Amino acid sequence: MLALLLFTACATQSDHQPAAEGGVLDLTAWEPSAGDTVRLEGEWRYYPRQLLSPGDADLAAPAPALTPIPDTWSRNADLPELRAGHGFATYALTVRLPPGSRRLALRMITVSTAFRLFANGALVAEAGEVARDASDARPEYRPQVSALPAPQDGTLELVLQASNFHYARGGPWEPIWIGDWEAIRSAREQRIALALFLAGSFAIIGLYHLVLWGARRNDRSPLYFAVICLGMALRGLTVEEVFLTDLLPGVAWSTLVRLEYGSLLIIVAATPLFLYELFPREQPRRLILFYTFSALLGLLAVSVLPPDLFSRGLALLQALCVSAAVIGSILVARSLARRREGAALFLIGLSAIALTGIHDVLVSIFRSLPTSHWLVTTIYLQPFGLFVFILSQAVLLSRRSSHAFTELQETSKELQAAHAALDARARKLEERVAGRTAELEQANLLLAELSEIDSVTSIGNRRFFEDELRRAWFDQLRRKTPLSLLLVDIDHFKAYNDHHGHLAGDHLLRAVAGAVERCARRPTDTVARYGGDELVVLLPNTPLEGASRLAGMIRESLESAAIPHRALEVAPYVTVSIGVATLVPQGDVERSELVAAANRALYSAKQAGRNRVIAA
């Protein structure tokens, strides 16, 4: 039954899949048949921060940019307007169709988080309320099939308006399909049937094991398994076709997203506990608790935070799920090597989850993978992996229940002794691991400290400076106080190196670094080697006047030191040029602007004759 639903849900795809170029998709060579579909992917014309309707003059003019579809706004690095998850935009595509096309339709999965789609001027699909600000926008997920009007002279003009103010990622991240009306509609019905079949199967198996646990509460594995099954049933109704919106048309979009995330977190929280119940001797308890409590913490965040905030942790959630599946497979493989009963079945089910989960994460990141074009309505395979897992675990629990029922009384005393020995061994192992972990942490702290020290001057290196700049920037941003930066450059350092030698050059760098450190004495001041012959001084909570005075002290200190510079006749002693810059950090200002301003001031000091201080 499952295989039949899977293969019937797959739609025939054209052998030649063209891609739009310059906002035009040429399908004149396409010969649509009763089951043929094509993705409307490639370069669409893009109008950022505009909601244009068919017939607007701006649509007739050349588009300001092109952008690939499907893709999310935040993942497009070429267009600044797409980097933010929030905003609104218009997309346009000209589709050239072959003459005498059959009755065509479009398949829309989702556009985050509201859209309107026009075809030849007619509104053919919409979800939510598209708006220019969050107060007027209303998010909605509504997969749908839309009939297309007859093409005009073989041309189909598509205009897509999209807005998002409620989710971390915006834009049309799923493919849009065009094809024969019957093929598109039939594919959606088959996908809905598949979703209902999977959700119903999961729910029935879950309720059965919940009843089974109620009869024998000393074994918690049926309880955890029931929670996993019910979580999978709920998730099957909130992803892909989002069939829950058909069952409960009034369900709020935020509730739908919470259920989508929450169902997955419920599965991640219960699966390690289930694994521990089945194979307690092979499972590190701390690792099990880590995944369980991490998932429960995520579930709490999903319950109390708005979707715009908790959806920004999607990558972290994906990493948690995939790593749990992979590590779980390794632990079960260890159980299999020790010939534990049921380990082979569990490994089969968990490997199915791991492989399909890795596939789905990769496809969500790399849309060009071949597997991302297998299905008309979805690219995700994890429901099938979950189904394999559920079946394998149902068989495993049935076998365990039958064996346990006949052997429980005979082995109770032996199990108690084994558990006591296991606890003692686990405590010893935990003590050893804790000792090794403490040693490793000390080594890591020492390594981190060494990695941030410049080997020549024994002060912080550039990595150390960038870390301190980031911390100081956010601290001053919170306090709304000025942050100053000095760029110190040794005048004619190359000539000094060439004349005195590199060893003398290293001695000079140490001497200059020491002089700078003696001037910058506050505990919050940071002195580091920026690169080559340049040093940098970071001064939190320091106005421009104070930074300039300190720069003058550094310059005078080097000048009074009278370090000989025999390579120069005009300036026989070593001097420094210093650029000073001050900013009050703000949310729309990059911290790199502070470094750039100090660098410009340093350049002005060198252009003005060196051995001086210039403040930006």
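We did not get these values from a lab; they are worked out from the coordinates using the rules stated. This structure is a prediction, so every number in the text was calculated from the model and none was measured. Virtual Cβ from ideal backbone geometry, glycine too; neighbours counted across all protein chains shown.
With R₀ set to 45 Å, the beta-carbon distance separating ARG339 from ALA134 gives a calculated FRET efficiency near 0.15.
I need the calculated FRET efficiency for the pair ALA319 and GLU559, taking r as the beta carbon distance and R₀ as 56 Å, to the nearest 0.05.
Working: r = 55 Å, r/R0 = 0.98.
Efficiency for this residue pair is about 0.55.
Note on LYS494: lysines with a C-alpha under 27 Å away, same-chain residues under 8 apart excluded, are LYS606.
Please say if the stretch 152-213 is rounded, prolate or oblate, where rounded means a/c under 1.5 for a ≥ b ≥ c the square roots of the C-alpha gyration tensor eigenvalues, and otherwise the choice is prolate for a/b larger than b/c and oblate otherwise? Let's see the in-between values first.
On the way: a/c = 6.60, a/b = 1.83, b/c = 3.61.
In terms of gyration-tensor shape, oblate.
Using the Kirkwood formula on the Cα atoms of the stretch 500-616, what hydrodynamic radius do you get, in angstrom to one decimal? Can you show the working numbers first?
Details: mean 1/r = 0.0666 Å⁻¹.
Computed over Cα pairs of the stretch 500-616, the Kirkwood hydrodynamic radius comes out at 15.0 Å.
Under 5 Å from the amide H of TYR573 lie the amide H atoms of HIS565, each residue being 5 or more positions distant or on a separate chain, with H modelled from the backbone and absent for Pro and chain starts. Taking 16 Å as the cut-off, the amide N atoms of the stretch 226-242 that come nearer than this to a point 7 Å along the Cα-to-beta-carbon line of LEU296 belong to 227-228. Straight-line reach from LYS480: taking Cα to Cα under 16 Å and skipping same-chain neighbours fewer than 8 places apart, the aspartates and glutamates in range are ASP588, GLU590. Within a straight-line Cα-Cα reach of under 30 Å, LYS413 can be paired with the following lysines, leaving aside sequence neighbours fewer than 8 residues apart in one chain: LYS428. Spin-label pair ILE327-ALA438: with each label point 7 Å from Cα along the Cα-Cβ axis, the two points sit 2.3 nm from one another. Take the Cα of ARG216, step 7 Å toward its Cβ, do the same at LYS494, and the gap between the two points is 8.2 nm.
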